[in-house]
Amino acid sequence: AEQDLYDKFKCWCTKVINAKTESIAANEARIDELEMYIDDLTSGRVELTTERQELEAEIAGLEKAIEEETTMREKENADFLAAKDEMDKAIAALKSASYTLGNATEEHMPAMLVAKLQSVLKVGQGFLAKNDISELHKILDVPEVDWKKLNREATFKKKYEARSGGIQGILKDMLATFVDNLHAATEAEDKAKENFDALMEAKKSQLSTAKQALLDKNGEKGARGEALATSREEKTDLEDQNSRDEGYLADTKSTCEQRAEEWQ
């Protein structure tokens, strides 16, 4: 009976010593892993969220949108300035032509008139009435004449004045059309600029917020802080457990050795 009891005690000693030794070794390995993980978290070598990638993608998208919108706005503005310049010139030409038609005796009038109206027709080709354009083309198709002679001969002058008087209405309508078009184009440009400025303000505000968020990385900091706290707590618990287990193991070995000596 004593032998049987001692054999069971020896078996218990072996199991306890082996189990505690393995447990302590496993805890030590886990503590080493946690130390490395804590070091990686503290140094920023690991990121626990996709916050950085998402913010970087958002920033890249906003910067691209701002660049594209700016390029488009610059092109729209350049197109407007070019069109405004043409319409300003056409309006000036029409005003000059109307004045010149009322002063048919001026020697330089016909050549300037033809050049100005040809320029006006080119600019207004897309929106002027076809019959007005056709009528002006007919008027512009005037053969070269000796204007000194024209000023001396009343018959030529009268013929010219009669013809010019017939297009005053056309020129007046054309002038009104160009003025209206210029006004509409200016309003559209002002509205486009206003919309662009509002859009840029919103986009740049979003960009600034995203860049600050990338610097702050609140989500990542929160996740890292939580992971650090959990890892440190687990490491402390394992170290405490190993400390207790090592004491228990030492006591167990001492007891088993003492009982073995007593049995012997």
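Name the single residue that is most open to solvent (accessible area, probe 1.4 Å) among those in the range 72-93 being in contact (Cβ under 8 Å) with a residue 24 or more places away in the chain and of a type in the set (Gly, Ala, Ser). Can you show your working first?
Narrowing the range 72-93 to residues in contact (Cβ under 8 Å) with a residue 24 or more places away in the chain: 73, 76-77, 80, 83-84, 86-91, 93.
Next, only the ones that are of a type in the set (Gly, Ala, Ser) stay: 83, 90, 93.
Working: ALA83: 43, ALA90: 1, ALA93: 10 Å².
The residue in question is ALA83.
Out of LEU136, LEU113, which single residue is outside any loop (DSSP other than H, G, I, E, B), at pLDDT below 80 and either aromatic (Phe, Trp, Tyr) or in contact with a Ser or Thr (Cβ under 8 Å, 6 or more places away or on another chain) (or both)? Spell out the reasoning first.
Details: LEU136 fails: either aromatic (Phe, Trp, Tyr) or in contact with a Ser or Thr (Cβ under 8 Å, 6 or more places away or on another chain) (or both).
It is LEU113.
What single numbered condition from (1) surrounded by 14 or more Cβ atoms within 10 Å (Cβ to Cβ); (2) more than 20 Å from the chain's Cα centre (by Cα); (3) not polar (S, T, N, Q) fails to hold for VAL46?
Tallying (1) surrounded by 14 or more Cβ atoms within 10 Å (Cβ to Cβ); (2) more than 20 Å from the chain's Cα centre (by Cα); (3) not polar (S, T, N, Q), VAL46 fails exactly one: (1).
What's the total number of residues in the range 181-196 that are acidic (Asp, Glu) and either exposed (fewer than 11 other Cβ atoms within 10 Å of the Cβ) or not in a helix (DSSP H, G or I) (or both)? Outline the logic, then answer.
Let us first name the residues in the range 181-196 that are acidic (Asp, Glu), namely 187, 189-190, 194.
Adding the requirement that they be either exposed (fewer than 11 other Cβ atoms within 10 Å of the Cβ) or not in a helix (DSSP H, G or I) (or both) leaves 187, 194.
Here the count works out to 2.
Quick check on GLU220: is it charged (D, E, K, R) and either modelled with pLDDT of 90 or more or over 30 Å from ILE31 (Cβ atoms) (or both)? Please lay out each step first, then the result.
Values: charged (D, E, K, R): yes; either modelled with pLDDT of 90 or more or over 30 Å from ILE31 (Cβ atoms) (or both): no.
Taking the combined requirement at face value, the residue does not satisfy it.
Give the number of residues within the range 45-71 that are touching a residue at least 24 places away in the same chain (Cβ under 8 Å) and not in a helix (DSSP H, G or I).
3
Any residue in the range 77-97 that is out of contact with any Asp or Glu (no Cβ under 8 Å at 6 or more places or on another chain), hydroxyl-bearing (Ser, Thr, Tyr) and farther than 30 Å from ALA213 by Cβ?
For the range 77-97, residues out of contact with any Asp or Glu (no Cβ under 8 Å at 6 or more places or on another chain), hydroxyl-bearing (Ser, Thr, Tyr) and farther than 30 Å from ALA213 by Cβ: present.
Inspect all residues belonging to the range 231-252 and state whether any of them is surrounded by 11 or more Cβ atoms within 10 Å (Cβ to Cβ) and assigned to a loop (DSSP other than H, G, I, E, B).
The answer is no; no qualifying residue exists.
The values are calculated or read from the model by the stated rules, or taken from the named source; none is laboratory data. Please read these numbers as outputs of a predicted model, since none were measured by experiment. A quick note on method: Cβ atoms are made from the backbone with ideal geometry, for glycine too, and the neighbour counts reach across all protein chains shown. Areas reflect the complete protein model, heavy atoms only, side chains present, ligands, DNA and RNA absent. Shrake-Rupley method; radii C 1.70, N 1.55, O 1.52, S 1.80 Å.
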